[in-house]
Amino acid sequence: MKLAKITIIGSYNTDITVNVPHLPQNGETVIGTSMKFNPGGKGSNQAVAAHKAGADVIFIAKVGCDGMEQTGFELYDSIGMPTDNIIRDASVSTGIATIEVDAVTAENRIVVIPGANMKITAEDVRDREDLIARSDILLLQLETSREAITEAVRIAKAHGVKVVLNPAPFSDVVFDVIKDVDIITPNETEAALIAPGSSGDLSRMASDIIAMGCDNVIITIGSQGSFYKGKLGEFTIPAKKVDAVDTTGAGDAYNGALCTALAEGMCMKDAMIFAGAFASLSVTRPGAASSMPSRSDAEEFMRS
């Protein structure tokens, strides 16, 4: 099996997760049951997912020197993921996210303070052009600066590297790069923001996105699985049923595993099946990056 080489440019946040009996309404005070600090950020979560799924991962990110970044480095060290391209900048704060998790439904509500994530520059990306050029896939999200995202896409296309964009959280930078993206992976909400007027119809939304220049669209649909439309036709891959504990990071698990599988040479359907199983298993565990399963766990889960 080919070793997948994936470069991920994205965010690192320290997640401050609070478990509550129910998500509060406006003006309501709810007594929480526990609090925990976890490594997070969409870029970091996806890098950890891809690493644990079996890829050779280069993670390009920026953090502060305020102590909040240590949670991430402790995780990376524990799983053996390289940290050479995580840039420390004492002039900015490490990104943080506060996450409220409903103890009954496992649904979540998240507030992100980006900090250093928005300070990744085009120059930071250009300094690592050779790493991008040697990759099978460049995986991006939208929790970093516009200039870093657009420069990364430019470099990837110049070197013939496949670009996968997870357009989360939604930003209009999508429209700057979509014509150069090979695969875009929005959830239903993000797809509707990219292609408004489609009345929630997955096929219509995907068609509208394809018309913008992206050849392959995968819309993740939570517990129902994922929907594909593009050069290979149109199909839905259902998700395996699980008892969800915490859905935080499920989309990140999916994207990291999807890119790993595609870079190894799996066909689209098999890659989506693997990514769906990886994501389903992740929601049975609390946390985001810390909930990512191993490849062997995911493969055993698929056989069960």
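Farther than 22 Å from Thr17 by Cα and outside any loop (DSSP other than H, G, I, E, B): does that describe Val111?
No: the conditions fail for Val111.
Mind listing just one residue for me: the one in the range 66-92 that is without any contact (Cβ under 8 Å) to a residue 60 or more places away in the chain, assigned to a helix (DSSP H, G or I) and surrounded by 17 or more Cβ atoms within 10 Å (Cβ to Cβ) and, of those, farthest from the chain's Cα centre (by Cα)?
Thr71
Name the one entry in Met205, Met212 that is surrounded by fewer than 16 Cβ atoms within 10 Å (Cβ to Cβ), farther than 30 Å from Ile113 by Cβ and at pLDDT 95 or above.
Met212
Can you tell me how many residues in the range 258-279 are in a helix (DSSP H, G or I) and surrounded by fewer than 20 Cβ atoms within 10 Å (Cβ to Cβ)?
The number of residues fulfilling the criteria is 3.
Out of all the residues in the range 240-257, which are in contact with a helix residue (DSSP H, G or I) (Cβ under 6 Å, 6 or more places away or on another chain) and part of a helix (DSSP H, G or I)?
Of everything in the range 240-257, those that are in contact with a helix residue (DSSP H, G or I) (Cβ under 6 Å, 6 or more places away or on another chain) and part of a helix (DSSP H, G or I) turn out to be Ala250, Asp252, Ala253, Tyr254, Asn255, Gly256, Ala257.
All but one of (1) under 24 Å from Asp102 (Cβ atoms); (2) in a helix (DSSP H, G or I); (3) not basic (Lys, Arg) hold for Pro286; which doesn't?
Pro286 satisfies every listed condition except (2).
Considering only the range 40-65, how many residues are of a type outside the set (A, V, I, L, M, F, W, C), crowded, with 24+ Cβ neighbours inside 10 Å and not in a helix (DSSP H, G or I)?
Residues meeting the conditions: 3.
Any residue in the range 292-304 that is within 13 Å of Gly256 (Cα to Cα) and of a type in the set (D, E, K, R) sitting within a Cβ distance under 6 Å of a residue that is in a helix (DSSP H, G or I) and at pLDDT 90 or above? List the pairs, counting only those 6 or more apart or interchain.
Arg295/Ala53
State yes or no: is Ala152 touching a Gly at 6+ places or on another chain (Cβ under 6 Å) and closer than 25 Å to Asp89 by Cβ?
No, not satisfied.
Within 24 Å of Ala261 (Cα to Cα), among the β-branched types (Val, Ile, Thr) and assigned to a loop (DSSP other than H, G, I, E, B), is that true of Thr105?
Spelling it out, it is not the case that Thr105 is within 24 Å of Ala261 (Cα to Cα), among the β-branched types (Val, Ile, Thr) and assigned to a loop (DSSP other than H, G, I, E, B).
Out of Val101, Val112, I need the residue that is over 13 Å from Thr7 (Cβ atoms) and more than 17 Å from the chain's Cα centre (by Cα). Which one?
Checking each option against the conditions leaves just Val101.
Ser145: modelled with pLDDT under 95 and over 25 Å from Ala279 (Cα atoms), yes or no?
no
What is the residue count in the range 291-304 for residues that are surrounded by fewer than 22 Cβ atoms within 10 Å (Cβ to Cβ) and either assigned to a loop (DSSP other than H, G, I, E, B) or not acidic (Asp, Glu) (or both)?
Summing the residues that are surrounded by fewer than 22 Cβ atoms within 10 Å (Cβ to Cβ) and either assigned to a loop (DSSP other than H, G, I, E, B) or not acidic (Asp, Glu) (or both) in the range 291-304 gives 7.
Give the range 216-237 a look and list any residue that's touching a residue at least 24 places away in the same chain (Cβ under 8 Å) and loosely packed, with under 14 Cβ neighbours inside 10 Å, or say none.
Of everything in the range 216-237, those that are touching a residue at least 24 places away in the same chain (Cβ under 8 Å) and loosely packed, with under 14 Cβ neighbours inside 10 Å turn out to be Leu232, Glu234, Phe235.
Looking at the range 199-233, which of its residues are more than 21 Å from Asp252 (Cα to Cα) and polar (S, T, N, Q)?
Ser199, Ser203, Ser207
The values are calculated or read from the model by the stated rules, or taken from the named source; none is laboratory data. Predicted model only: the values in this text are computed from it and were never measured. Methodologically, a virtual Cβ is constructed for each residue, glycine included, from the backbone with ideal geometry; neighbour enumeration extends over all protein chains shown.
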